[in-house]
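Notes follow once the structure below has been shown.
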Amino acid sequence: MAKFSVDDIVRNNIKKLVPYSSARSEFDGDAQVFLDANENSLGSISNEKYHRYPDPLQKKLKEQISAAKDIHTEKIFIGNGSDEAIDLLIRAFCNPGEDNILTTPPTYGMYEVCAAINDIAVLKVLLTDDFELDMHKIKKSINKKTKLIFICSPNNPTGNSFSTSDIKDLLEKFKGLVIVDEAYIDFSERNSLLKKLKDYPNLVILQTLSKAWALAGLRIGTAFASKQIIDILNKVKPPYNISIITQQLAIKVLSSNADVFKNVKVIRYEKEKLLHDLKEYGFVKKVYESDTNFLLVKVSNATALYNYLITKNIVVRNRSNQPLLKNCLRITIGTPDENAFLIQALNEYK
């Protein structure tokens, strides 16, 4: 295994950074009177206790996530969506105008956007024609300035998961961080790589409550990594990045997760049903197998079909502008009624 050290790749200014010390981080306990944070002590007109700042480290929420994922709280970072974690990883470990990250298009677009915002170059290694990692080209493309590799698995927008052995190979050979984005892992039959954190100090895993947990509007993303990496993310994040309301609602959902697993089962069933139905149409050239809550569908004319569905008040995603995805639509699995409405519209398409 290649020798990895967080200190070797973290930016020097981040090493020296003294993080902002908020009132709620300096005093972590209960008291009768809080006069330390310049809050409006009279409270709000709603009589809710929103006049106080939230816990900056989201300790109670992390306890719930820890129980759900069987991982220690010190290895959990909570962000305002996974996008915040992506941005912070790039900011903490990549020097602007010098370093680069590596991505494997077609994939989630925010890796490249966050890199551009931070003036970080992006090395792009296309997936193979069957949407697998091109390991030879990835290894050939990595250079001394490559700090992060982003692997989305299950991948958005292709829907497939990548070989665990390929990801392990990167973890063992690469001296930077390998970030595995598992936003859709709860829909997959495959196991998460969370159990591998103890074996690979350069592994970071991103997950979210937006998908299977149905909390997209709350914006809760998680990063799981070694305590050393999590400490760096906490060092550079805004002090109060997750609101009180968001923390409370997420705790409520996480504490009663039976409905989540029931809904995942329904979505899996509806996905297989929709996959079978879509294959019956002559204008559908291929429906790709998926480990997610969406299907990638290759059709005769993606733009024409997309525009037709708009006229039927159905919105899908046209991915034809992405590499390897000419005439491909991405279709999220809806409710049974929504899926039936889609099929009815497709029956009328000419």
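Using only the alpha carbon atoms of the chain, find the Kirkwood hydrodynamic radius as the inverse mean reciprocal pair distance, in angstroms to one decimal. Let's see the in-between values first.
Numbers: mean 1/r = 0.0455 Å⁻¹.
Evaluated over the chain, this radius sits at 22.0 Å.
Shown here is the pair-distance distribution of segment 259-347: with all Cα-Cα distances grouped in 5 Å bins from zero up to the longest one, the shares run 3, 14, 25, 27, 18, 8, 3, 1 percent. The ellipsoid that matches the Cα gyration tensor of segment 74-116 has semi-axes, each √(5λ) in whole angstrom, of 18, 15, 9, with the longest given first.
For the chain, modelled as a GNM whose springs connect Cα atoms under 10 angstrom apart, the maximal fluctuation among 249, 274, 171 occurs at 249.
For segment 285-294, the Karplus equation 6.51 cos²θ - 1.76 cosθ + 1.60, evaluated at θ = phi - 60°, returns couplings of 8, 6, 10, 7, 4, 9, 9, 10, 9, 8 Hz by residue, with Gly and Pro reported as x. Anyone know which of 28, 70, 259 comes out most mobile in the 10 Å Cα GNM of the chain? Answer for the Gaussian network model of the chain: 28. For segment 240-249, backbone phi angles converted through the Karplus equation (6.51, -1.76, 1.60; θ = phi - 60°) give residue-by-residue couplings of 10, 7, 10, 5, 4, 4, 4, 4, 4, 5 Hz, Gly and Pro being listed as x. Residues whose amide H comes within less than 5 Å of that of residue 285, counting only those at least five positions distant or on another chain, are 298, 299, 300 (H built at 1.01 Å from N in the peptide plane). Computed over neighbours whose Cβ is under 13 Å from that of residue 278, the net charge equals +2, Lys and Arg +1, Asp and Glu -1. Taking each residue as 0.36 nm, the span from residue 165 to residue 303 lengthens on full extension beyond its C-alpha to C-alpha distance by 46.0 nm.
If r is the Cβ-Cβ distance from residue 345 to residue 259 and R0 is 35 Å, what FRET efficiency results, to the nearest 0.05?
Efficiency at R0 = 35 Å is approximately 0.75.
Given the options 300, 226, 192, which has the most mean-square fluctuation in a GNM of the chain, springs set between C-alpha atoms less than 10 angstrom apart? For the chain, modelled as a Gaussian network with Cα springs under 10 Å, the answer is 300. Couplings 3J(HN,Hα) for segment 118-127, derived from phi with the Karplus relation 6.51 cos²θ - 1.76 cosθ + 1.60 (θ = phi - 60°), are 9, 6, 10, 5, 10, 8, 10, 10, 4, 5 Hz, where x marks Gly and Pro. Approximating the spin labels as points 7 Å out from Cα along Cα→Cβ, the residue 20-to-residue 136 distance works out to 5.0 nm. With the convex hull drawn over the C-alpha atoms of segment 111-163, the volume per residue is 86 Å³.
Would you mind counting up the charge near residue 260? Only other residues with Cβ under 15 Å from its Cβ, with Lys and Arg at +1 and Asp and Glu at -1. Here the count lands on +4. What's the angle, to the nearest 10 degrees (0 to 90), between helix 59-69's Cα axis and the longest principal axis of the chain? So the inclination is approximately 40 degrees. Per the Kirkwood formula applied to alpha carbons, segment 194-342 shows a radius of gyration over Rh ratio, Rg over Rh, of 1.05. Measuring max minus min along each principal axis, the C-alpha atoms of segment 1-143 give extents of 62, 35, 32 Å (largest first).
In degrees between 0 and 90, to the nearest 10, how far off the longest principal axis of the chain does helix 302-311 point, with axes built from Cα atoms? Relative to the chain, helix 302-311 is tipped by roughly 80 degrees.
Every number in this text was worked out from the coordinates using simple rules, so none of it is lab data. As the structure is a prediction and not an experimental result, all values here were calculated from the model. Note: ideal-geometry Cβ built from the backbone for every residue, glycine included; neighbour counts use all protein chains shown.
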